[in-house]
1. Would you list the strands (runs of 3 or more DSSP E) that sit entirely within the stretch 41-132 and hold 1 or more residues that are among the aromatic types (Phe, Trp, Tyr) and within 16 Å of the chain's Cα centre (by Cα)?
2. Out of the residues in the stretch 25-77 that are of a type in the set (D, E, K, R) and under 20 Å from CYS107 (Cβ atoms), state the one that is surrounded by the most Cβ atoms within 10 Å (Cβ to Cβ).
3. Looking at the stretch 30-40, which of its residues are touching a strand residue (DSSP E or B) at 6+ places or on another chain (Cβ under 9 Å) and either of a type in the set (S, T, N, Q) or part of a loop (DSSP other than H, G, I, E, B) (or both)?
4. From the set of residues in the stretch 57-79 that are among the β-branched types (Val, Ile, Thr) and at pLDDT 95 or above, which is farthest from GLU15 (Cα to Cα)?
5. Of all residues being crowded, with 20+ Cβ neighbours inside 10 Å and either among the β-branched types (Val, Ile, Thr) or free of Cβ contacts under 8 Å to residues at least 40 places away in the same chain (or both) in the stretch 80-96, which is farthest from GLU15 (Cα to Cα)? Just the residue, please.
6. Hey, does the stretch 110-125 have a residue that's farther than 20 Å from ILE20 by Cβ, out of contact with any strand residue (DSSP E or B) (no Cβ under 8 Å at 6 or more places or on another chain) and not hydroxyl-bearing (Ser, Thr, Tyr)?
7. Within the bounds of the stretch 99-107, is there any residue that is within 16 Å of GLN18 (Cα to Cα) and surrounded by fewer than 20 Cβ atoms within 10 Å (Cβ to Cβ)?
8. Is there a residue being touching a Leu at 6+ places or on another chain (Cβ under 9 Å) and more than 20 Å from LYS126 (Cα to Cα) anywhere in the stretch 71-88?
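The values are calculated or read from the model by the stated rules, or taken from the named source; none is laboratory data. Worth saying up front: this structure is predicted, and the values here are computed from it rather than measured. Neighbour counts are summed over all protein chains in view; Cβ atoms, including those assigned to glycine, are modelled from backbone coordinates with ideal geometry.
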Amino acid sequence: MTTKTSTKKGRSGPEEQQQIAFFDYCNYMTLATKNMAYSLAFHIGNERKASIQRRIMMKRAGVKKGVPDICVPVPNDKYHALYIEMKIKPNRLSPEQADYLRHLNQCGNYAVVAWSADEAIETLEKYLHNKL
């Protein structure tokens with residue numbers, strides 16, 4: 001499945017558009033294959049802009065810096081779960097994101113950065129079919 005969300009400058013579209021394409025694929029595959037692993041994928045909404053007071057409340061409620069965008073809480077033969085941080089160039093991981101991915105990997109998960117919906121989909125398919 002090829003996704004094309006480009007800007008006038010020819011770069012990938014915003015991370016959100018890439019993420020939408022990824023979840024469109026998951027929704028399609030849930031219906032096409034009846035494999036519920038696709039339907040369990042979800043977005044972790046941690047990146048909201050907020051006032052200082054709201055950020056304090058969000059932090060107290062469990063919102064953490066660096067948490068990846070996507071979680072697929074399905075174990076495979078090697079890992080407990082899949083986590084994907086969506087990025088588009090020229091964006092880079094924050095130090096908190098790099099640390100969080102490293103810690104997730106140390107805990108037996110597969111946590112990676114995907115630079116496009118296509119890369120995220122390829123990672124998901126390899127993960128679900130134990131090809132990593």
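1. On the way: elements: 70-72, 82-86, 110-114.
Per the criteria, 82-86, 110-114.
2. For the stretch 25-77, the residue satisfying everything is ASP69.
3. LEU40, the sole residue that qualifies.
4. Here the answer is VAL74.
5. The selected residue is TYR83.
6. There is no residue in the stretch 110-125 that is farther than 20 Å from ILE20 by Cβ, out of contact with any strand residue (DSSP E or B) (no Cβ under 8 Å at 6 or more places or on another chain) and not hydroxyl-bearing (Ser, Thr, Tyr).
7. Of the residues in the stretch 99-107, the ones within 16 Å of GLN18 (Cα to Cα) are none.
Checked against the condition, which is being within 16 Å of GLN18 (Cα to Cα) and surrounded by fewer than 20 Cβ atoms within 10 Å (Cβ to Cβ), the stretch 99-107 yields no hits at all.
8. no
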